[in-house]
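Here's the structure we're looking at; comments come further down.
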Amino acid sequence: MATGIVQEVIPPVLDSTSDQPPLFDGTTRLYISLICPYAQRAWIARNYKGLQDKIKLVPLDLSNRPAWYKEKVYPPNKVPSLEHNGKIIGESLDLLKYLDSSFEGPSLLPDDPAKREFAEELLLYTDTFGRGVIVSLKGDTDVGAPYDHLETALSKFDDGPFFLGQFSLVDIAYAPFIERYHPLTLDVKKYDITAGRPKLTAWIEVRYVLQYFYGLRPVDRVEQDRSISANQKMI
Ligand SMILES: N[C@@H](CCC(=O)N[C@@H](CS)C(=O)NCC(=O)O)C(=O)O
């Protein structure tokens, strides 16, 4: 089946020796790291909304960061950040909402107020989820508990395989993390997060298909493996 996917050419990664791209010259720029899951949230949203031509990627080398990034662009010195309309916006979850409300393309939130309320709840849970996973990988707490929470969440709406039924920014918020935790948990704890969790299994499968369909696979295998081994160092 022809999918019509054109793989995006990723611009060169900028480091401490690189010149700063012009700031506030009217170009919209998304500052990322190729292996950062938070940056991937914004990157996936950009691609899903079809904004590849409108939002230029600026990949940074976080281990050898250009000084101008902190000094002139984004003082918190983290990625992602978005340069748009004369301002810089940071924090990946805020960026998901900003990209959705400020740009054209398919909506990342349903109209249904009950679904929107649940979206907020699940976005709030992302940090708790991440902490729960890391603590369980480091110690003896129940490895499955954070995934049980997701399995229950995925059962709430049955009009599609995603958290809110239809694909939304909630799926994007979790995707880059589950993509890493799934093989990492198997590796470190010999624990398969999909076993006995049919909804999570379906979510992971359909998400992979979607990633390829929309060209949403931002990291190649090598980068992903690098990132998994970086995560392992944290444990
Ligand atoms: N809460 C931030 C977290 C972003 C974040 O921690 N990004 C990492 C890379 S994955 C970073 O820029 N780290 C650089 C640093 O902390 O100095 C968000 O959601 O955007």
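Read the figures in this text as sums done on the coordinates, not as results from a lab. This is a predicted model, so every value here is computed, not measured. FYI the Cβ positions are ideal-geometry reconstructions off the backbone, even for glycines, and counts take in every protein chain you see.
Using Cα atoms only, what is the angle between the long axis of helix 221-234 and the major principal axis of the chain, expressed in degrees (0 to 90) to the nearest 10?
For 221-234 against the chain, the angle is about 70 degrees.
As an exercise, identify the GluC sites (Glu not before Pro) in region 1-105 lying in DSSP coil whose Cβ has no more than 10 other Cβ atoms within 10 Å.
Answer in residue order: 104.
Stretched out fully, how many nm does the piece from residue 107 to residue 135 gain, at 0.36 nm a residue minus the Cα gap?
6.6 nm
Treating cross-link reach as a plain straight distance, find the lysines whose alpha-carbon is under 29 Å from the alpha-carbon of residue 78, omitting any fewer than eight places away in the same chain.
The reachable lysines, counting only those whose Cα sits under 29 Å from residue 78, are 49, 54, 56, 70, 87, 97, 138, 233.
Once every DSSP H run of n ≥ 4 in the chain is given -39500 (n - 2.57) and the sum is divided by its residues, what mean residue ellipticity at 222 nm do you get, rounded to the nearest 500 deg cm²/dmol?
After summing the helix terms and dividing by the residues of the chain, the value is -15500 deg cm²/dmol.
Over the chain, what is the relative contact order in percent, taking alpha-carbon pairs closer than 8 angstrom and at least six residues apart?
Relative CO of the chain lands at 22 percent.
Using a 7 Å offset from Cα along Cα-Cβ at residue 91, what residues in region 118-143 end up with backbone N under 12 Å from the label point?
124
Specify which residue in the list 73, 52, 101 is farthest towards the positive end of the charge dipole of region 1-108, using unit charges on the beta carbon of Lys, Arg (+1) and Asp, Glu (-1), about the Cα centre.
Checked the options; the winner is 101.
Amide H to amide H, which residues 5 or more places from residue 33 or on other chains are under 5 Å from it, using H placed in the peptide plane?
Close amide H contacts, sequence-distant or interchain: 39, 60.
Please report the Cα spread of the chain along all three principal axes, rounded to whole Å, starting with the longest.
Answer, in whole Å and largest first: 51, 41, 38 Å.
Which distance in nm do the two modelled labels at residue 128 and residue 27 give, with both placed 7 Å along the Cα-to-Cβ direction?
Output for this residue pair reads 4.2 nm.
With each pseudo-label sitting 7 Å past Cα toward Cβ, what's the residue 16-residue 53 distance in nm, one decimal?
4.0
Take every DSSP beta bridge whose two residues both sit in the chain, then give the antiparallel share in percent to the nearest 5.
The antiparallel proportion sits near 60 percent.
Can you sort 171, 61 by how many other beta carbons sit within 10 Å, fewest first?
61, 171
Magnitude of the Cβ-charge dipole of the chain, K/R +1 and D/E -1, about the Cα centre, nearest 20 debye?
460
If you put +1 on each Lys and Arg Cβ and -1 on each Asp and Glu Cβ, how big is the dipole of region 1-108 around its Cα centre, in Debye rounded to 20?
Rounded to the nearest 20 debye, it is 180 debye.
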